[in-house]
Protein chains: 2
Amino acid sequence: MDKTQKAFAIGVDLGGTNTVFGIVDAKGNIVAQDSIKTQAYHTAEAFVEAGVERLQPLIAQVGGIEQVAGMGIGAPNANYYSGAIETAPNIAWAHERVVPLARMFSEKLSTLNSQPFPVRLTNDANAAAMGEMAYGVARGMKNFIVITLGTGVGSGIVINGQLVYGHDGFAGELGHVTMVRGKEGRPCGCGRTGCLETYCSATGVARTAREILANTDRPSLLRDKPADQIESLDVSIAAGKGDEVANEIFQFTGKMLGEACADFAAFSSPEAFIFFGGLCKAGDLIMKPIEQSYNQHVMPIFRGKAKFLISGLMNANAAVLGASALALR
Amino acid sequence: MDKTQKAFAIGVDLGGTNTVFGIVDAKGNIVAQDSIKTQAYHTAEAFVEAGVERLQPLIAQVGGIEQVAGMGIGAPNANYYSGAIETAPNIAWAHERVVPLARMFSEKLSTLNSQPFPVRLTNDANAAAMGEMAYGVARGMKNFIVITLGTGVGSGIVINGQLVYGHDGFAGELGHVTMVRGKEGRPCGCGRTGCLETYCSATGVARTAREILANTDRPSLLRDKPADQIESLDVSIAAGKGDEVANEIFQFTGKMLGEACADFAAFSSPEAFIFFGGLCKAGDLIMKPIEQSYNQHVMPIFRGKAKFLISGLMNANAAVLGASALALR
């Protein structure tokens, strides 16, 4: 059967807690879905076996494996080239080892009809970028950057309609460009200091809040909570109520993101920067400061050209959709 | 005649003073060459007419236009997508206007045998990157960045074997990422402050020299010249003689370039950074500080992976070769 006739793709969102399997049709609808606990298995082999077992009834629902073009997996520490999860610290069966997950799933699923079954693997932010291009706000775009603002800051970069993997599969780590050089930079989980992630992740925003509250006496709704329990969501809520300190935190965060995007424009001059993650729920309160800072700091030839967009997949199961788009390439 | 049978390509290096036309064979040998004065013409039309007139005997030498696959032009302020020079401040006939140079040359050259003749245009640094990939140290590479250290700092970025032009044709302005944020940054010709170019161009290196000499009493060979006449070549010569101040200037310049390349790795994880231009003649005196700084500042997953190379085209007519490679794409 011709591949173009296959109407479905499998998208897998492999997280530290749950792994969600979805069957996605050509329009981006998840027509069948199930999940397993990622860490309920001692070995990668047992995890893959359980996953395929759970997938079989879903596949049967859409008419059998012959109807499925392939499978894409979005996972932490995933390398597209090798198809492996490379020493993921938060997954017990992938901790301190390289797990060739794409090959393992492919081999198991190939046995269903004795035909080769393509499986691709990439990291979460790259899967998000694929999802935006296939089903989201980047439809029709060839050059854009997705920036995920979560516990960390991730990125998926598309140039000439292709994801950027670099020579080793590890490109697109824009959360780790250095924004504050020298000793004043905040320490980062990557072992260095001053990374974008330390300022603009959810953790970074909460830290900014604690710093401003500790260094001033200014009144703020954020003082209703013990400082060490403040989360970025609290800042969003307070900013939405017009809290001045909370808005200043977003101004600071947006300024940093805008300056970073100005550097990214000098690199690949994207048509759009697309933001994804909890922080985006603050809408204009965070997006306007980013865009203003960008246009203030970017080279004159780029000024006013780039679009600043919020993900079109925020309310859908974006990670599953994105991963499935990887299979449709 | 099949395009693959055509043995030659025309490369044009269009500079502020001279425009060099070269006919290049498949191995990267310039088999015929001539030049005109770029600014000896009042209009772009007259410039193109003079260029084609000068090209005709060269084309005849290799057996006629039927033997030539196309023409590539490397020029300042050139846009690959539009094929135009867009308001180049240093060229009188392109000042404050958009000159569709690719189309103009194509139309003139098409009349030679009444066949369409492809002409492509790009900026100098992108042409250098094409040249490295076709004939230089990047042969066989799919992901690399060429950084040109001249009066300014330019760049040509190759990802997945393709030059990065961005959505508007202006990508690859790595001389204008911000290295020093805020008021302490040096003023840049682009109208902003703190750009990489203000520290690592030939002009930037000379400025670093003047600053160090003015702020200290340290002895240096560089004091043999009036401070305002020091050029980056003087720093290279003094460093080569073991001058401590000159070597400190290269340490400072290399540190800045290494930190910038660490950010570029987070973006596209290239196999190699290739340096081009006068400053590279200092060899290890500049290249070692760059590589050391890079490995000190880059994310651990990239450490020790990237190659730091000097252009393989330094002694050839690199700009003509690079431009000709554009025609062979």
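Annotation note: of B:Glu53, B:Glu49, the sole residue that is under 21 Å from B:Leu101 (Cβ atoms), acidic (Asp, Glu), surrounded by fewer than 14 Cβ atoms within 10 Å (Cβ to Cβ) and modelled with pLDDT of 95 or more is B:Glu53. Looking across B:Gly322, B:Gly312, one residue alone is in a loop (DSSP other than H, G, I, E, B), away from every other protein chain (no Cβ under 14 Å), of a type outside the set (Phe, Trp, Tyr) and in contact with a Phe, Trp or Tyr (Cβ under 9 Å, 6 or more places away or on another chain). It is B:Gly312. All told, A:Gly83 falls short of being within 27 Å of A:Ala206 (Cβ to Cβ) and buried (at least 17 other Cβ atoms within 10 Å of the Cβ). Of everything in the stretch B:275-307 that is more than 14 Å from chain A (Cβ to nearest Cβ) and in contact with a Phe, Trp or Tyr (Cβ under 7 Å, 6 or more places away or on another chain), the residue that is modelled with the lowest pLDDT is B:Ala282. Residues of the stretch A:138-175 being aliphatic (A, V, I, L, M) and facing chain B (nearest Cβ under 8 Å), which ones? A:Met141, A:Ile157, A:Ile159, A:Val164, A:Ala171, A:Leu174, listed by residue number.
The number of residues in the stretch A:176-205 that are assigned to a helix (DSSP H, G or I) and either open to solvent by 10 Å² or more (accessible area, probe 1.4 Å) or at the interface with another protein chain (Cβ under 8 Å from one of its Cβ atoms) (or both) comes to 6. Here B:Ala272 clears all of (1) buried (at least 21 other Cβ atoms within 10 Å of the Cβ); (2) within 14 Å of another protein chain (Cβ to nearest Cβ); (3) closer than 27 Å to B:Gly11 by Cα except the condition numbered (1).
If you go through the stretch A:91-105 and pick out every residue that is outside any loop (DSSP other than H, G, I, E, B) and open to solvent by less than 30 Å² (accessible area, probe 1.4 Å), you end up with 7. Of everything in the stretch A:287-309 that is assigned to a helix (DSSP H, G or I) and open to solvent by 20 Å² or more (accessible area, probe 1.4 Å), the residue that is nearest to B:Gly194 (Cα to Cα) is A:His297.
On inspection, A:Arg210 passes the criterion of being surrounded by fewer than 18 Cβ atoms within 10 Å (Cβ to Cβ) and touching a residue at least 12 places away in the same chain (Cβ under 8 Å). For the stretch A:118-147, the set of residues classified as of a type in the set (A, V, I, L, M, F, W, C) and either assigned to a helix (DSSP H, G or I) or open to solvent by 10 Å² or more (accessible area, probe 1.4 Å) (or both) consists of A:Val119, A:Ala125, A:Ala127, A:Ala128, A:Ala129, A:Met130, A:Met133, A:Ala134, A:Val137, A:Met141, listed by residue number.
Yes/no per residue for (1) in contact (Cβ under 8 Å) with a residue 40 or more places away in the chain; (2) within 18 Å of the chain's Cα centre (by Cα):
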residue	(1), (2)
A:Gly240	yes, no
A:Phe252	yes, no
A:Ser268	yes, no
A:Phe273	yes, yes
A:Asp284	no, no
A:Arg303	no, no
A:Ala306	yes, no
A:Leu309	yes, yes
A:Ala319	yes, yes
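For the stretch A:230-254, how many residues meet the condition of being open to solvent by 10 Å² or more (accessible area, probe 1.4 Å) and assigned to a helix (DSSP H, G or I)? Selection size over the stretch A:230-254: 11.
Restricting the stretch A:148-163 to residues that are under 11 Å from the mean Cα position of the chain (by Cα) and either over 9 Å from A:Ala129 (Cα atoms) or of a type in the set (Phe, Trp, Tyr) (or both) leaves a set whose member that is surrounded by the fewest Cβ atoms within 10 Å (Cβ to Cβ) is A:Thr151.
Going through the stretch A:213-229 one residue at a time, which ones are of a type outside the set (A, V, I, L, M), open to solvent by less than 60 Å² (accessible area, probe 1.4 Å) and at pLDDT 95 or above? A:Ser220, the sole residue that qualifies. Does the stretch A:255-269 contain at least one residue that is at pLDDT 95 or above, more than 14 Å from chain B (Cβ to nearest Cβ), in a helix (DSSP H, G or I) and farther than 21 Å from B:Gly258 by Cα? Among the residues of the stretch A:255-269, not one is at pLDDT 95 or above, more than 14 Å from chain B (Cβ to nearest Cβ), in a helix (DSSP H, G or I) and farther than 21 Å from B:Gly258 by Cα, which makes the answer no.
The values are calculated or read from the model by the stated rules, or taken from the named source; none is laboratory data. Only a predicted model underlies this, so the values are computations on that prediction, with no experimental measurement involved. Neighbour counts are summed over all protein chains in view; Cβ atoms, including those assigned to glycine, are modelled from backbone coordinates with ideal geometry. Each accessible area value is taken on the protein alone, full model and side chains, heavy atoms only, with ligands, DNA and RNA left out. Shrake-Rupley method; radii C 1.70, N 1.55, O 1.52, S 1.80 Å.
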